[in-house]
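Everything on this sheet refers to the single structure shown next.
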Amino acid sequence: MSTIIEMTVEGTACRFSREALVLAVEARDPAAVVTVDPTSGRVCADTELDLGSLLLAIETSGCRPFILA
């Protein structure tokens with residue numbers, strides 16, 4: 001069962017950083033649907049990953065996630 005998780009992520013201004021973030025999540029969950037708004041840094045992930053795994057994937061891409069309450 002997938003979950004939609006939204007957060008703000010620092011470091012998504014350039015296209016290569018956004019692509020790295022999406023690829024890092026998709027490497028852990030190939031069925032994930034990830035959207036990144038480069039202006040606001042808002043990331044929306046429809047994924048089967050738990051929050052900790054998603055955060056780790058984003059951090060390994062070189063970006064810094066912030067959870068939206």
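When you go through 60, 39 one by one, which is the residue that is over 17 Å from residue 2 (Cβ atoms), at pLDDT 95 or above and either loosely packed, with under 15 Cβ neighbours inside 10 Å or under 8 Å from the mean Cα position of the chain (by Cα) (or both)? Explain how you work it out, then say what you get.
Values: 39 fails: at pLDDT 95 or above.
Only one candidate passes the filter, namely 60.
Which of the residues spanning segment 26-57 are assigned to a helix (DSSP H, G or I) and farther than 16 Å from residue 67 by Cα? Before the answer, list the steps.
Applying the first criterion (assigned to a helix (DSSP H, G or I)) to segment 26-57 yields 26-28, 51-57.
Within segment 26-57, 26, 27, 28 qualify.
crowded, with 18+ Cβ neighbours inside 10 Å, without any contact (Cβ under 8 Å) to a residue 40 or more places away in the chain and more than 10 Å from the chain's Cα centre (by Cα) - does that describe any residue in segment 8-31?
Yes, because at least one residue in segment 8-31 is crowded, with 18+ Cβ neighbours inside 10 Å, without any contact (Cβ under 8 Å) to a residue 40 or more places away in the chain and more than 10 Å from the chain's Cα centre (by Cα).
Quick one: in segment 58-69, which of the residues that are part of a strand (DSSP E or B) and free of Cβ contacts under 8 Å to residues at least 60 places away in the same chain is farthest from residue 22 (Cα to Cα)? I'd like the intermediate steps shown before the answer.
Of the residues in segment 58-69, the ones part of a strand (DSSP E or B) are 64-67.
Subsequent filtering for residues that are free of Cβ contacts under 8 Å to residues at least 60 places away in the same chain retains 64-66.
On the way: 64: 13, 65: 13, 66: 16 Å.
For segment 58-69, the residue satisfying everything is 66.
The values are calculated or read from the model by the stated rules, or taken from the named source; none is laboratory data. It should be emphasised that the depicted structure is a prediction, and the values quoted were computed from it without experimental measurement. Neighbour counts are summed over all protein chains in view; Cβ atoms, including those assigned to glycine, are modelled from backbone coordinates with ideal geometry.
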